[in-house]
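Beneath this line is the structure, given in structure tokens, with notes to follow.
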Amino acid sequence: MDRKIKFLKKKATEIRRLIVQMLAKAGSGHPGGSLSSTDIITCLFFAVMRHTPSDPQWSDRDRFHLSKGHCCPALYAALSLCGYFPKKELWNLRQLGAMLQGHPDRRTPGVEVASGSLGQGLSVALGMALAGKVDKKDWRIYCLMGDGEIQEGNIWEAAMAAAHFKLDNLCGVVDYNHFQIDGRTEEIMNLEPLVNKWESFGWHVVQCDGHNIEELLEAFDEAKAIKFKPTVIIAHTVKGKGVSFMEHVVDFHGRAPTAQEKDIALKELDEIEKIEETKGKK
Amino acid sequence: MESLYARDIYGKTLIELGKKDLRVVVLDADLSGSTRTALFGREYPDRFFNFGVAEQNMMAAAAGLASCGKIVFASTFAMFATARVMDQVRNSICYNNFNVKIVASHAGITVGEDGSSHQALEDINLLRAIPQLRIIVPCDAWETRDAIFAAYETEGPFYIRMGRAKIPTIEQKKKFKVGKGYVIEEGEDLAIIACGIMMNESLEANKLLKKEGVSATVVNMHTIKPIDEDLIVDIAKKHKKIMVCEEHQVIGGLYSAVCEVLARKCPTLIERVGIEDSFGQSGSPKELMDFYGLSSSGIAKKAQKFIRQHS
């Protein structure tokens, strides 16, 4: 188990490095939410989900849908590290004609459905879950939502329906970093009491530290065991997690790091990795 | 003359498709009795999903189902299948080029007594600018059936528009092909291009015109997108005067589509019969058709004036 955790932590740091690098290269994009969702995405792609990068269309794969499409750098990094496409594609992010678009697109192997316009993803995932039920398949669907995103009414239409249809093959994750473009969620449009909301809509709710690999893995295990209702994991996260000057800073919701900021960020991430390695040796 | 509800035939056609193809699933948003998707639901309850009054969820879920290989028919009233769900239709369905067939009923002024809030008169305009989406407005119940089959057989998203009222069966129809209109009657003095219920009104108008000693070529332009450019240019060259008839705003529908083709390829005198940039109101379908000048007599009157003005 320890080895698995260590492996996942290493992967997460690798993904964070790639996020910082590709966004600096692209000159635009969304680092804050990409970094807050990194550990969630790492757990899904490197431990939780059943998938075959060499055959992205394998019909029995678990599905992942990034409803908060603007955080695709984290997804792109994970997909490339899994082997869905060569890493060099990351350096063309957001360029004309690139396979990696500014928001997820089906031209990218591993992306099931394009996203970007917020609030639709849970419905898309619900559609996939219905398809799984119709076909009596055991694959699961994971849908990652932003906290600001769930202010969209469409999300709650999907929440109501997923419970109604008893979609226990559907697992939602809310990346609860408390920031949206205009500021803190508490100030712009308060989401609380968030647990009660999901519970009253008929969902099983699990809360965890969205940067604690052990807790995340346990939450996904719990979701898998719940029958006859969908599960949502409310992952408490830090916007910009892993880069000190991006943490809790709303400006980095949608601003790419400069070349200089990138170098500082990469140094910090190296430090984090070193500390983790020392911990492992003790 | 036979007169049928297009939606009755739609419901029955769905059952046929459901029987021959397990990939077919049907969605509705609490209007399954009216749209007739309930017929499919009774036959194949495991492949029918009622989303309640939540059209946005239905459309985005349709995309999710299609991403897993399903051929999805999603139905509600035209008002709620377009204006309410534009973003879901554009981004989740059309951008992904998914196999989602939006089949809407209760389009146009002939919704009648329910009034303006339920009279979708802008639906074609809203959808026409979305790439990859095909738009079909069948002229009767049997052409609706053809359109449903064509949509089923053709990869990608469709919008098929049906009305609420019974619709007379057009006897002189030709073989249906997506994107290909055809001449249904040959005439001398102008050409009328129409779709949907305006097909029958146009043919009736032509009878009135013939009594007055003039005649129209009448064209069935069931596919609004992709529009049949060749046919439009061909007709324009032959007739020099074109009148477009549709149960829709004159902004952004068939009339606009025809104008766009002619302005670029064959500038031609053109007139229109449609809703002149106004909202509808309550009334019986017949009263409303007369009031807004959409019925055969209104078409004939406008055609006469058009011919006189430019003779």
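The values are calculated or read from the model by the stated rules, or taken from the named source; none is laboratory data. Everything numeric in this text was worked out from a predicted model, so none of it was measured. For neighbour counting, all protein chains shown are included, and Cβ atoms are generated from backbone atoms with ideal geometry for every residue, glycine included.
Just one of (1) buried (at least 16 other Cβ atoms within 10 Å of the Cβ); (2) in contact with a strand residue (DSSP E or B) (Cβ under 9 Å, 6 or more places away or on another chain) trips up A:E222, so point out which.
A:E222 satisfies all of (1) buried (at least 16 other Cβ atoms within 10 Å of the Cβ); (2) in contact with a strand residue (DSSP E or B) (Cβ under 9 Å, 6 or more places away or on another chain) except (1).
Could you tell me whether any residue of the stretch A:38-61 is touching a Leu at 6+ places or on another chain (Cβ under 7 Å) and at positive phi?
No.
Restricting to the stretch A:155-171, what's the tally of residues that are in a helix (DSSP H, G or I) and in contact with a Ser or Thr (Cβ under 6 Å, 6 or more places away or on another chain)?
Selection size over the stretch A:155-171: 1.
List, please: which pairs have Cβ atoms under 7 Å, are six or more places apart or on different chains, and start with a residue in the stretch B:235-258 that is on the phi < 0 side of the Ramachandran plot and in the same structural domain as B:V219 (by TED's automatic domain parsing) and end with one that is of a type in the set (D, E) and crowded, with 24+ Cβ neighbours inside 10 Å?
Here the result reads B:C245/B:E201; B:G253/B:E246; B:L254/B:E246; B:Y255/B:E246, each pair linking the stretch B:235-258 to a residue that is of a type in the set (D, E) and crowded, with 24+ Cβ neighbours inside 10 Å.
Out of everything in the stretch B:63-86 that is part of a strand (DSSP E or B) and within 13 Å of another protein chain (Cβ to nearest Cβ), what residue ends up being nearest to B:D140 (Cα to Cα)?
Here the residue is B:A74.
Among the candidates A:Y142, A:Y84, single out the residue that is surrounded by fewer than 22 Cβ atoms within 10 Å (Cβ to Cβ), outside any helix (DSSP H, G or I) and not small (G, A, S).
A:Y84
Take the stretch A:82-110 and flag every residue that is out of contact with any strand residue (DSSP E or B) (no Cβ under 8 Å at 6 or more places or on another chain) and within 11 Å of another protein chain (Cβ to nearest Cβ).
Across the stretch A:82-110, the qualifying residues are A:Q101, A:H103, A:D105, A:R106, A:R107.
Taking only the stretch B:1-39 into account, find how many residues are away from every other protein chain (no Cβ under 14 Å) and either over 20 Å from the mean Cα position of the chain (by Cα) or surrounded by fewer than 18 Cβ atoms within 10 Å (Cβ to Cβ) (or both).
15
Residues that are of a type in the set (G, A, S): list the helices (runs of 4 or more DSSP H) wholly contained in the stretch A:181-282 that include at least 2 such residues.
Here the list reads A:213-225, A:259-281.
Residue under question is B:R164, and the condition is that it be assigned by TED's automatic domain parsing to the domain that holds B:L14, closer than 25 Å to B:T76 by Cβ, buried (at least 22 other Cβ atoms within 10 Å of the Cβ) and not small (G, A, S); does it hold?
yes
Six or more apart or on different chains, Cβ atoms under 6 Å: show the pairs whose first residue is in the stretch A:128-144 and facing chain B (nearest Cβ under 10 Å) and whose second is hydroxyl-bearing (S, T, Y) and assigned to a loop (DSSP other than H, G, I, E, B).
From residues that are facing chain B (nearest Cβ under 10 Å), the pairs are A:C143/A:S67.
Could you check A:A78 against (1) in a loop (DSSP other than H, G, I, E, B); (2) of a type outside the set (D, E); (3) crowded, with 23+ Cβ neighbours inside 10 Å and say which number it fails?
The number of the failed condition is (1).
For B:F279, work out the one condition from (1) of a type outside the set (D, E, K, R); (2) in contact with a helix residue (DSSP H, G or I) (Cβ under 7 Å, 6 or more places away or on another chain); (3) surrounded by 15 or more Cβ atoms within 10 Å (Cβ to Cβ) it doesn't fulfil.
Condition (3) is where B:F279 drops out.
May I ask you to say which residue of A:R94, A:R17, A:R63 is modelled with pLDDT of 95 or more, in contact with a helix residue (DSSP H, G or I) (Cβ under 8 Å, 6 or more places away or on another chain), of a type in the set (D, E, K, R) and buried (at least 22 other Cβ atoms within 10 Å of the Cβ)?
The match here is A:R63.
When both residues are 6+ apart or on different chains and their Cβ atoms are under 6 Å apart, which pairs have a first residue that lies in the stretch A:175-200 and is under 20 Å from A:C143 (Cα atoms), and a second that is part of a helix (DSSP H, G or I) and modelled with pLDDT under 95?
That search, which allows pairs on different chains as well, returns A:F179/A:V250.
With the structure loaded, tell me whether A:V124 is within 9 Å of chain B (Cβ to nearest Cβ), under 16 Å from B:E55 (Cβ atoms) and β-branched (V, I, T) or whether it fails that test.
Yes.
Which residues, taken from the stretch A:145-190, are more than 10 Å from chain B (Cβ to nearest Cβ), among the small types (G, A, S) and buried (at least 21 other Cβ atoms within 10 Å of the Cβ)?
A:G146, A:G148, A:G172
For residues that are assigned to a helix (DSSP H, G or I) and within 10 Å of chain A (Cβ to nearest Cβ), scanning just the stretch B:40-56, find the one that is surrounded by the fewest Cβ atoms within 10 Å (Cβ to Cβ).
Here the answer is B:D46.
Residues are listed down the side, and each one gets a yes or a no for (1) under 27 Å from A:F165 (Cα atoms); (2) more than 14 Å from every other protein chain (Cβ to nearest Cβ); (3) of a type in the set (G, A, S); (4) in contact with a Phe, Trp or Tyr (Cβ under 8 Å, 6 or more places away or on another chain):
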| residue | (1), (2), (3), (4) |
| --- | --- |
| B:A61 | yes, no, yes, yes |
| B:Q88 | yes, no, no, no |
| B:H118 | no, yes, no, yes |
| B:W142 | no, yes, no, no |
| B:E153 | no, yes, no, no |
